[in-house]
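Student: Following this message is one structure expressed as structure tokens.
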Amino acid sequence: MIDTPTLVDQYCHGVLRTELGLGTFEAHLGRTAGPPAPGTTFFDTQTGFAVRRWCPPLLGLEPHCPPARYLARRRELGVIESGRRLLRASGISTYLVDTGLPGDLTPPAEIAATGAAEAHEIVRLELLAEQVADTSGTVDALLANLAEAVHGAAASAVAFISVAALRCGLSLAPEPPGPGEVRGAASRWLTRRPVGGRLTDPVLLRHLLWIAISSGRPLQLHVGIEDPTQLGEFAAATSGLGTELILLHGYPHHRQAAHLTSVFPHVYADLGPVLVQTGPRAAAILAEILELAPFGKLLFSSGAHGLPELHVVAASSFREALSRVLAEWTGGGAWSRTDAQRVAGMIAAGNARRVYGLAAGDGR
Amino acid sequence: MIDTPTLVDQYCHGVLRTELGLGTFEAHLGRTAGPPAPGTTFFDTQTGFAVRRWCPPLLGLEPHCPPARYLARRRELGVIESGRRLLRASGISTYLVDTGLPGDLTPPAEIAATGAAEAHEIVRLELLAEQVADTSGTVDALLANLAEAVHGAAASAVAFISVAALRCGLSLAPEPPGPGEVRGAASRWLTRRPVGGRLTDPVLLRHLLWIAISSGRPLQLHVGIEDPTQLGEFAAATSGLGTELILLHGYPHHRQAAHLTSVFPHVYADLGPVLVQTGPRAAAILAEILELAPFGKLLFSSGAHGLPELHVVAASSFREALSRVLAEWTGGGAWSRTDAQRVAGMIAAGNARRVYGLAAGDGR
Amino acid sequence: MIDTPTLVDQYCHGVLRTELGLGTFEAHLGRTAGPPAPGTTFFDTQTGFAVRRWCPPLLGLEPHCPPARYLARRRELGVIESGRRLLRASGISTYLVDTGLPGDLTPPAEIAATGAAEAHEIVRLELLAEQVADTSGTVDALLANLAEAVHGAAASAVAFISVAALRCGLSLAPEPPGPGEVRGAASRWLTRRPVGGRLTDPVLLRHLLWIAISSGRPLQLHVGIEDPTQLGEFAAATSGLGTELILLHGYPHHRQAAHLTSVFPHVYADLGPVLVQTGPRAAAILAEILELAPFGKLLFSSGAHGLPELHVVAASSFREALSRVLAEWTGGGAWSRTDAQRVAGMIAAGNARRVYGLAAGDGR
């Protein structure tokens, strides 16, 4: 058996602070905001089955107990105590937390305290820009404040995350937009946006990406379910600048994401929420990523959001998947045990420590 | 071992009524109308090997016997008796039959009688429209007759099937076309089409889809080998209207099809002819679909056409694949046996009964 | 156990003639010209691990020994002796060699002598055209010389290889360009190209493809990491002309490549460098290709370039992968042992012998 060291979760969100009923809990198992189809439940998904597999034992119940029984026990313990038990059993010792989603979610310091772990903030570029726009009256002020906000955030944040590719497509023009273009777009945005309006202008989204790149902090790019090879020109344009790009959510194009990590030295990929969503299939998917991805280019993450159960499921699925894959490869003689142990440590924590400059104490 | 209940085949065609020679039989194993490459035979495919695995024992021969021996035995029994033996051994108790393909194929009532099963008709929208056009002299008559024909068919058909996405691309404009557009397209079509001419006009194809949607019957969409996420906007536009969409033939983009079923409550996916075409790989493909697809959103089908052998291969491959996948997942503790048994029943028959409103007696 | 016969490597390059240090050797394990990411090495890839698995025992060392030890032993034996030992242990008895890459690589006759094997030349169309352009002063001369050079090469070459799809996209216009178009493009190219300039003009690239097709020699098409179904119209346009198309490098769209081989009689696919790049995953990928590909349509190749270690890795990975896949399928009763043995021989050598018209003595 290959041991998996404690994990650095290189991309996740906080957990909810409120007690949850069965319906509210179920809603967090789906992949959409809406209800499940008539006659179905989100518990009948790999995520639902995986929660019922891994979490009940951590609260003193049998695996696969009925959802209502699990929720009753969760409420009996209370959201704080159940969160403590779940996170502390996850094996995650460092959380990198995207603080850019709405909702009453625990901030990094609180998830660290609850989980007896370290935590660092990932700053969401588009939210930062929207907050800047809310308080900037002129184009000059907006552009100066944007640059200042990003560089200011770079001082304390461990990384930036951008959802630009989701908002304007992955085939975004690779080069930085020119100053005139940026001023025009900024002016239109300031004039037309309602307070709190989302940033969707492609020119400003690209401008923001390039400010972030100039900051030198690693830049996470959410690629959704699109084919990430569309980002090839952007990757080429940003190569050699000293800023790492980390692709989030490559599935079902994770082989293409792995390809990019193998042809661009500064491009990395994470395993993302696929671990939470695919249950016993995580091993097969991990193996597919490990076809082309250099072993120093892959990072564990949970992508978990709202429920500490999802951090547990991601971490447990990852450890089991990694063990199964490496056991198969060492058993057949394809890999040596020494190499397998070393690669396990790299994907679980070592690569993230190197990319994000985390202290050696983090992720141990 | 997880038992698979008897199956509802939610999409298939009838079988040929004529005696077949070796060459004619072989032609039905290929994926194209033309001949195999020089020096090769369609028997040297997963479909050919699967037919030789599953069917000879049902006619009293050894598995994997030579094709010529199988065909000789098939002719000895006769097309009717061999069809009876094959279909009755398939484990399919309800056939939903697309009656829109040409050729001397058994209609639903006849396949039901041969297979000692239930059968219901799926009406092919484009064929219906072409038949209507053959007998409509004016634009007004054509449009009125189209609407009447679709709503009339909805009274007896169990579902509609559309091949619009194959004829005008999956990225079809999502909204219903306007009345002026439709009249213009109808006029052009009436003027220019030869008798029996195929409907390929994108406006009329979309118009037809929206009439079908307004009927409330489930609507099957053939997606070919294209990426079904291109249908995302159409899925969004038809969400909440109360009509289910069932994606046919997702392979090799079945993970994308599964994604759509997980984000749109009214979108379903079938396993389709991939079961017939991939032999011992059916388990791997089924497992890939079950990564993201909610378990209430997946439906067995054979897609079989012409040869009762193909219904047998699809059903046998499915049962074996499902058993293997569920045995692995329950054996490793990922799923409980109770859940596995329940999900097997859903995919094999229960989901189809719910979606198509079949009586409980169907599919048992 | 299914025996794999000796192999026909239907697409590879020569090997380097110079002694290599650790860094130069490592550079040939990467998928790009540049260096690995800081803190990583190309030895930490499936290719690196596979080289360390298969090659040290052939030079008298333990599997998985450290890279530095392997390189020291390789230099101790010398590039000629280590090349002899590696190639002669590869199990490849016929090499089809693309001679169109730069560098001090062994030509076909030399790799044949080193490996105690047969070798034949594959001519790279674009290089041929660039050489012709270097010595043609007028449009008339260029066009006449192009046709003469291709038809001349066809007399001795075993096949042509084109990288047109990499240079102008896979969705190239399917029909031959018209004479006026070709003359215009030829004139522009002659006027503007520097000596040794690469051919990237889409019209001339297509013109060249059609000259090659008229020669009747099999035409290999490099598809890179693009989806080969984009070649569908070109495949349709070239169907029935008597010239075979062989798709190289389908991964990660190898299922789509397999689809094309199943719908076009003249389209074939190889396994390509994926065998070198994916280590113990080769079996899974081979199994995916064998879902739709007719068994007479798939060809072994190594795609190896520069290091004889890569020929060894490809051949060893292929034999292991094929054995594992066929053992699983025969073990479960899906395939008969006789069929499995026969199909192994087809993919390993028989199909290539048929497609390229190799003597029966080749590939034994």
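Student: Taking Cα pairs under 8 Å and at least six residues apart, what relative contact order does the stretch C:252-364 come out at, in percent? All intermediate terms of the calculation are to be shown ahead of the outcome.
Tutor: Details: 130 pairs, mean separation 29.9, N = 113.
Across the stretch C:252-364, relative contact order equals 26 percent.
Student: Then there is this: Based only on other Cβ atoms within 10 Å, what is the fewest-to-most ordering of C:238, B:261?
Tutor: Going from least to most buried by this count: C:238, B:261.
Student: Build a GNM of chain C with springs between Cα atoms under 10 Å: which of C:312, C:276, C:182 gets the top mean-square fluctuation?
Tutor: Between C:312, C:276, C:182, it is C:182 that shows the largest mean-square fluctuation.
Student: If I fit a long axis through the Cα atoms of helix A:282-292 and take the longest principal axis of the Cα atoms of chain A, what angle between them do I get, 0 to 90°, rounded to 10?
Tutor: Relative to chain A, helix A:282-292 is tipped by roughly 50 degrees.
Student: Determine, for A:18, A:200, B:47, the number of other Cβ atoms within 10 Å of each Cβ, and report the residues in order from fewest to most.
Tutor: Ordered by Cβ neighbours within 10 Å, fewest first: A:18, A:200, B:47.
Student: Exposure proxy check: B:318, A:43 ranked by fewest other beta carbons within 10 Å?
Tutor: By the 10 Å Cβ count, ascending: A:43, B:318.
Student: Using the Cα gyration tensor of the stretch A:251-330, with a ≥ b ≥ c the square roots of its eigenvalues, what is the shape: rounded (a/c below 1.5), prolate (a/b larger than b/c) or oblate (neither)?
Tutor: oblate
Student: Among A:202, A:273, A:102, which one moves the most in a GNM of chain A with springs linking Cα atoms closer than 10 Å?
Tutor: For chain A, modelled as a Gaussian network with Cα springs under 10 Å, the answer is A:102.
Student: Once you keep just the Cα pairs under 8 angstrom separated by 6 or more residues, what percentage relative contact order results for chain A?
Tutor: 23 percent.
Student: Who wins for biggest fluctuation among C:195, C:132, C:223 in a Gaussian network model of chain C, springs between alpha carbons below 10 Å?
Tutor: Checking each option, the largest mean-square fluctuation is seen for C:195.
Student: Quick check: Cα centre of the stretch C:330-347 to Cα centre of the stretch B:212-288, how many Å?
Tutor: Taking the Cα centre of the stretch B:212-288 as reference, the centre of the stretch C:330-347 is 33 Å away.
Student: Shortest first and in nm to one decimal, what separations exist between residue A:62 and its copies in the other chains, measuring from label points 7 Å along the Cα-to-beta-carbon line?
Tutor: Result, one decimal in nm: 4.9, 4.9.
Student: Right, here's the next one. Rounding to the nearest 20 debye, state how big the charge dipole of the stretch C:1-130 is about its Cα centre with +1 on each Lys and Arg Cβ and -1 on each Asp and Glu Cβ. If you can, show how the numbers build up before the last one.
Tutor: Working: 12 positive and 15 negative charges, 108 e Å.
Dipole magnitude for the stretch C:1-130 comes out near 520 debye.
Student: Now, a different point. Put the label 7 Å from Cα along Cα→Cβ for residue A:109; what are its distances to the other copies, in nanometres, shortest first?
Tutor: When each copy's label point is compared with this one, the spacings are 7.8, 7.9 nm.
Student: Another question about this same structure. Kindly express, to the nearest 10 degrees and within the range 0 to 90, the angle between helix B:202-215's C-alpha long axis and the longest C-alpha principal axis of chain B.
Tutor: Its long axis makes an angle of about 80 degrees.
Student: Between rounded, prolate and oblate, where does the protein assembly as shown land on the alpha carbon gyration tensor, with a ≥ b ≥ c its root eigenvalues, rounded for a/c under 1.5, else prolate if a/b exceeds b/c? Could the numbers behind the result be given before it?
Tutor: On the way: a/c = 1.27, a/b = 1.00, b/c = 1.27.
Rounded shape, in that the Cα axes give a/c under 1.5.
Student: Moving on. Using just the helices of the protein assembly as shown, give the 222 nm mean residue ellipticity in deg cm²/dmol: DSSP H runs with n ≥ 4 each add -39,500 (n - 2.57), and the total is spread over all residues, rounded to 500.
Tutor: Roughly -14000 deg cm²/dmol at 222 nm, from the helical runs in the protein assembly as shown.
Student: Hey, if you put +1 on the Cβ of every Lys and Arg and -1 on every Asp and Glu Cβ in the stretch C:96-164, which of C:129, C:164, C:103 ends up farthest toward the positive end of that dipole?
Tutor: Checking the options against the dipole of the stretch C:96-164, the answer is C:164.
Student: A follow-up question, please. Can you list the copy-to-copy distances for residue A:187, using a point 7 angstrom from Cα toward Cβ, in nanometres, shortest first?
Tutor: 4.6, 4.6
Student: On C-alpha positions alone, give me the angle between the axis of helix A:308-331 and the longest principal axis of chain A, in degrees, nearest 10.
Tutor: Result, in degrees: 70.
Student: What order, most packed first, do the peptides B:64-77, A:297-310 have when packing is the mean number of other Cβ atoms within 10 Å of each residue?
Tutor: Working: B:64-77: 16.1, A:297-310: 26.1.
Peptide ranking by packing, descending: A:297-310, B:64-77.
Student: Follow-up question, since we're still on this one. How high is the relative contact order of the stretch B:1-150, in percent, with contacts defined as C-alpha pairs under 8 Å that are six or more residues apart?
Tutor: Once normalised by length, the contact order is 27 percent.
Student: Further question: Evaluate the charge dipole of the protein assembly as shown about its Cα centre and quote only its size in Debye, nearest 20, assuming +1 on the Cβ of each Lys and Arg and -1 on the Cβ of each Asp and Glu.
Tutor: Here the size comes out at about 1340 debye.
Throughout, read-outs are computed from the coordinates displayed, never taken from laboratory work. Computed from a prediction, not measured in an experiment: that's the story for all the values here. Because the Cβ atoms are built from the backbone with ideal geometry, glycine has one as well, and the counts that use them run over all protein chains shown.
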